[in-house]
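The values are calculated or read from the model by the stated rules, or taken from the named source; none is laboratory data. In this text, all values refer to a predicted model and were calculated from it rather than measured experimentally. All Cβ positions, even for glycine, are placed from backbone atoms using ideal geometry, and neighbour counts span all protein chains on display. To get the accessible areas, we keep the full protein, side chains included, count just its heavy atoms, and leave off ligands, DNA and RNA. Shrake-Rupley method; radii C 1.70, N 1.55, O 1.52, S 1.80 Å.
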Amino acid sequence: MAVIPRVPFALVAVAVVALAIVLPAAAQAPAPAPSSDGTSIDQGIAYVLMLVALVLTYLIHPLDASSPYKLF
């Protein structure tokens, strides 16, 4: 394994830190706050899935009850 000389490495590290402090790279304004955090979308999807489950239950249950196989 190659050994990195300490003095040049330290000088490069100090130079990088100094430049990062003095010359920040394209400082941008912070992003605006989101108008919706997604919880209302998640809740809408949950309601749709609950309705689908309810409809499937009502469609499958009569078929299940009238079948010759005693499943339940």
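In the range 17-50, which residues are at pLDDT 75 or above, over 32 Å from the mean Cα position of the chain (by Cα) and open to solvent by 90 Å² or more (accessible area, probe 1.4 Å)?
Leu19
Return the residues of the range 51-62 that are open to solvent by less than 80 Å² (accessible area, probe 1.4 Å) and either modelled with pLDDT under 80 or in contact with a Phe, Trp or Tyr (Cβ under 8 Å, 6 or more places away or on another chain) (or both); say none if nothing qualifies.
Passing the criteria: only Pro62.
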